[in-house]
Every structure is written in structure tokens, then in C-alpha cells.
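Report on the structure given below.
Computed from the coordinates by the stated procedures, all read-outs in this text should not be read as laboratory data. Just so it is clear, the structure is predicted and the values come from calculations on it, not from any experiment. As a convention, Cβ positions derive from the backbone with ideal geometry for all residues, glycine included, and neighbour counts pool all protein chains shown.
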Amino acid sequence: MPQGIGIKSLNAEFEKIINKFPDMMKTLVTSPPITRDILHSAPSKGIYIFYDEDDKPIYVGRSDRMRSRLREHSQRSSTHTSATFAFNLAKDIAKDAGMDTIMPRKDLEKIPSFKKIYDENKERVSRMKIRTIEISDPIEQTLFEVYTHLELKTKNKFENH
């Protein structure tokens, strides 16, 4: 542990951050929804939530280049490394349909029947409403992303790939 920093000061800093989350959550979920067509109104850094067709929060993410990141989630040219939300949606659908999805992502993406499902889900994501909140601090972003996922019960997997 760095000299001069005790566990109490770390806990106090953590507590200071998380005590802001309920108010931040209210701000986030009541912010005006945006669509892919008006991404210019999104903040440059922060947290975003995708909402499904029934206006249910379905995915939360964070980025320090939010407008670009939101575009990547639904561009037809995006791959499994940039359209991860659509990829995970497609993987769940393919698995439910009996398709073997236990293979590296780059290989699964090349299978024509999976690629069709994946492309359909990139299109689906492009039509979703998005809510955002600006958060510049990376630690606050990280903690708030997990908090938001737990509060809203989104489909995030938080798996490494």
C-alpha cells in the first residue's frame, strides 16, 4: 500500500463515489432518449444504456469516446470486438436455436448462419433508444457501469474476450 494512504482513506474515497450513484442513476434513466441519428447530443465520455423495443434497459456500457462507440455497436462493418452487444445478442439467439456457439468469437463470426443473425442484431441495436450521462473520471465510470447493470438487471456479461 502506498505510504500515507491507509485503508480508511481508501474506504472514505470509495464511499464518497458510491454515495453519488442513486442521484446519478435518476439523472441517467430520466435523461431524454437519443437515437443513432442524433448521437451528436451524447456526451463525449460517460455511461450509456440501450433500451429494447419495449423500453426496457437491456445493456449498459461506458466509453471515453461515446459517440464513436455508440456508432460501432451497430455498424454493419463492425466486428465482434466493436459490436460486442449485438454479438452477444446474436450468440444467445444462435445458442437457443441449437447452433454450436462454443468457439472463438472470430471463428463464430465467419459462419454464414451466425453472421446473418449477427447482422440482424447490429441493425436491431441501431434502432434502439439510448440514454447517457457524462462521467469523466474512469474509476467513477467503472463503478457506475457495474452499479447500473445491477440496478437495472441488464444483459451485460462482463466476460473477458
For this session: Among Met66, Met103, rank each residue by its count of other Cβ atoms within 10 Å, from fewest to most, as a rough exposure measure.
Result: Met103, Met66
Seminar exercise, completed: Listed residues Ser136, Ser63, Ser74; largest mean-square fluctuation, Gaussian network over the chain with Cα springs below 10 Å, found at Ser136
For this session: Using a 10 angstrom cutoff on alpha carbons, build the Gaussian network for the chain and name the most mobile of Phe114, Phe85, Phe50.
Result: Phe114
Problem set entry | Values of log10 I(q)/I(0), in the order q = 0.20 Å⁻¹, for the chain under a Debye, Cα-only, solvent-free model | -1.26
Problem set entry | In the stretch 33-115, the GluC sites (Glu not before Pro) that fall in loop regions by DSSP, at most 13 other Cβ within 10 Å | Glu53
For this session: Per DSSP H run of at least 4 residues, take -39500 (n - 2.57); add these up for the chain, divide by its residues and hand me the 222 nm value, nearest 500 deg cm²/dmol.
Result: -14000 deg cm²/dmol
For this session: With a/c under 1.5 counting as rounded, go ahead and sort the stretch 59-128 into rounded, prolate or oblate using the C-alpha gyration tensor (a ≥ b ≥ c being the square roots of the eigenvalues; past the cut-off, prolate if a/b is larger than b/c, else oblate).
Result: prolate
Problem set entry | Sparse-neighbourhood loop sites, GluC sites (Glu not before Pro) in the stretch 111-161 - DSSP loop, at most 13 other Cβ within 10 angstrom | Glu159
